[in-house]
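Every read-out reported here was derived from the displayed coordinates using simple, explicitly stated rules and does not represent laboratory data. The model shown is predicted, which means the values in this text are computed figures rather than measured ones. Please note: Cβ atoms are built from the backbone with ideal geometry, for glycine as well, and neighbour counts cover all protein chains shown.
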Amino acid sequence: METKLFPAALRSAAVARNRDPILAVLRRHLPRQGTVLEIASGTGEHAAYFAQQLPHVVWQPTDVDPDASIEAHRAAANAPNLRAPIALDVTAPNWPVTHADAVVSINMIHISPWAAAQGLMAGAARVLAAGRVLYLYGPFKENGEHTAPSNAAFDASLRAHDLQWGVRDVGDARDLAESHGFEFVERVTMPANNLSLVFRRRAS
């Protein structure tokens, strides 16, 4: 019997397309147990799906302003390992979470100022121990060039909305991560001209 979602549970066609490819990468890199901290959970669809598919980890969704959609998807998922969403501003010097065993951020750093990417890396470095993984997903430029015309058009639309937003370059993301004590592990080509970037916290 299908569980009906609350009216406030929002859905995205993009999530339906990308959740399984993302899951395949996560299965290879997430720890066998522990807490996965998801930054900028948005509608909550990824959190609900991944918690169901990865019952061995605790999934902690967050957003700068969590709305009813995350909680609605959580209720519908009925996954005991999916925690209630918490408010988290990546640019804050102190996060409400002090420890995680992995950090996941999907489609965040291009729909926010670069300060958000800087805050993400700094915060992830604070909460992750050596050997733990930071995972990023989204559209990226490579060597200063867009990987597809659709990404160039998307970048233009983002910058038209806010000049501080935009598709980031893989090199810039790598440099920023490395400056916060992460080593680059893997780049994975994903559907719809997106990439997965995986980093691991170095021993200090």
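Between the amide H of ALA40 and those of THR62, ASP63, VAL64, distances stay under 5 Å, these residues lying 5 or more places away or on another chain, with hydrogens modeled in the peptide plane. Taking amide hydrogens as placed 1.01 Å from N in the peptide plane, the amide H of ARG168 sits under 5 Å from those of LYS141, each at least 5 positions away in sequence or on another chain.
Around the amide H of GLU186, modelled in the peptide plane, lie the amide H atoms of VAL198, all under 5 Å away and 5 or more residues distant in sequence or on another chain.
Let me make sure I get this right: for region 42-122, a, b and c are the square roots of the gyration tensor eigenvalues over alpha carbons, sorted descending. Under 1.5 in a/c it's rounded, otherwise prolate if a/b > b/c, else oblate. Which is it?
Numbers: a/c = 1.96, a/b = 1.62, b/c = 1.21.
Cα axes put region 42-122 in the prolate bin.
The stretch between ILE86 and VAL64 holds 7.1 nm of extra length on full extension. This uses 0.36 nm per residue minus the Cα-Cα distance. Extension gain for ASP20 to GLU145 (0.36 nm times residue separation, less C-alpha to C-alpha distance): 42.3 nm. Between PHE184 and ALA115, the distance separating the two model label sites (each 7 Å from Cα on the Cα→Cβ line) works out to 2.7 nm. Modelled label positions at ARG159 and ASN94, each set 7 Å beyond Cα in the direction of Cβ, lie 3.9 nm from each other. Placing a pseudo-label 7 Å from each Cα along the Cα-to-Cβ vector at GLN33 and ALA152 gives an inter-label distance of 5.1 nm. For region 119-125, the Karplus equation 6.51 cos²θ - 1.76 cosθ + 1.60, evaluated at θ = phi - 60°, returns couplings of x, 4, 5, 5, x, 4, 5 Hz by residue, with Gly and Pro reported as x.
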